[in-house]
1. Take the residues in the range 141-160 that are of a type in the set (Lys, Arg) and open to solvent by 40 Å² or more (accessible area, probe 1.4 Å), then tell me which one is farthest from residue 189 (Cα to Cα).
2. Residue 39 versus (1) in a helix (DSSP H, G or I); (2) at pLDDT 90 or above; (3) open to solvent by 40 Å² or more (accessible area, probe 1.4 Å): which is the lone unmet condition?
3. Scan the range 119-141 and report the pairs whose first residue is closer than 17 Å to residue 40 by Cα and whose second residue is of a type in the set (A, V, I, L, M) and in a loop (DSSP other than H, G, I, E, B), with Cβ atoms within less than 7 Å and a gap of 6+ or a chain change.
4. Please work out which one of (1) aromatic (Phe, Trp, Tyr); (2) at pLDDT below 80; (3) open to solvent by 70 Å² or more (accessible area, probe 1.4 Å) is the condition residue 22 fails and give its number.
5. Which residues, taken from the range 106-133, are at pLDDT below 90 and over 16 Å from the mean Cα position of the chain (by Cα)?
6. Find the residue count for the range 174-188, including only residues that are free of Cβ contacts under 8 Å to residues at least 24 places away in the same chain and on the phi < 0 side of the Ramachandran plot.
7. Considering every residue within the range 171-181, establish whether at least one is assigned to a loop (DSSP other than H, G, I, E, B) and open to solvent by 80 Å² or more (accessible area, probe 1.4 Å).
8. For the range 161-170, what are the residues that are outside any loop (DSSP other than H, G, I, E, B), surrounded by fewer than 14 Cβ atoms within 10 Å (Cβ to Cβ) and charged (D, E, K, R)?
Amino acid sequence: MPDLDQFINSLEALRELTGQVFKPLVAVLGPFNSGKSTLLNSLLDLPLSPVGIIPTTSRLIYFDYGNSFRASVYNPPRKKMFLQQAELYPFLAGEKVYGGRVEIEAPAPILKKCRLLDTPGIDSPDMDSLNISELAAKKADKIIYLFHQRGMDESDRLFLYKLAKIWKTKSLDDLFFCLNCNLGTSDGASLETTRAALREIFLSPVRIYTINT
């Protein structure tokens, strides 16, 4: 994914330019089963974000750099700590609690350049999940938004109009849209249709690429 690599590398260039140890928060957003957690696990080269055929990410999951693995699951009023990856993954995949947050530290090189944020699907029937995704968009410095291979649908459209309002004072260059072609080669039609819809929503040309998570 050379385009995505270039996008991530630009974060390091920003840090060097400013001379600060600021690490942008990159949120991964999109509908359920669009490949968000799969993409994150690939970037981290660690199976840390739960993946399944039913919605498994029910809260915000933050990733930051650490010399060794450590995770904290906050679900007020309780907090649970994990020091082993093998214990965290089944816990996150199996616990269907909405809200709260998970903070994970791991020795993944990409986390020296930025913090990553996994989110619930924007098309979840649970309003809490939708509110959580909107909160993630507000917190993020940069966003990677994944579409299904078929392109934008109505749930994407409704959420992206909200994102356009959230992002009014931020740069469109910090939005990175991807069509996840994990079902085979795209004929390009859904890409062009989605590109046109994005321009209508954001009132300006917006970058969109095809990837395969």
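1. From the range 141-160, those of a type in the set (Lys, Arg) are 142, 150, 157; that's our starting set.
Imposing the further condition that a residue be open to solvent by 40 Å² or more (accessible area, probe 1.4 Å) reduces the set to 150, 157.
Values: 150: 9, 157: 17 Å.
Within the range 141-160, the match that is farthest from residue 189 (Cα to Cα) is 157.
2. It fails just one condition, (3).
3. 133/122
4. Status for residue 22: all satisfied but (2).
5. Correct list: 125, 126, 127, 128.
6. Residues in the range 174-188 being free of Cβ contacts under 8 Å to residues at least 24 places away in the same chain and on the phi < 0 side of the Ramachandran plot: 2 in total.
7. To start, the set of residues in the range 171-181 that are assigned to a loop (DSSP other than H, G, I, E, B) comprises 171, 181.
With open to solvent by 80 Å² or more (accessible area, probe 1.4 Å) added as a condition, the list becomes none.
Within the range 171-181, none of the residues are assigned to a loop (DSSP other than H, G, I, E, B) and open to solvent by 80 Å² or more (accessible area, probe 1.4 Å).
8. Residue satisfying the conditions is 165 alone.
The values are calculated or read from the model by the stated rules, or taken from the named source; none is laboratory data. Everything numeric here is computed off the predicted structure, so don't read it as measured data. In this analysis, Cβ positions are derived from the backbone assuming ideal geometry, glycine residues included, and neighbour counts consider all displayed protein chains. When the accessible area is computed, the model is the full protein with side chains, heavy atoms only, and any ligands, DNA or RNA have been set aside. Shrake-Rupley method; radii C 1.70, N 1.55, O 1.52, S 1.80 Å.
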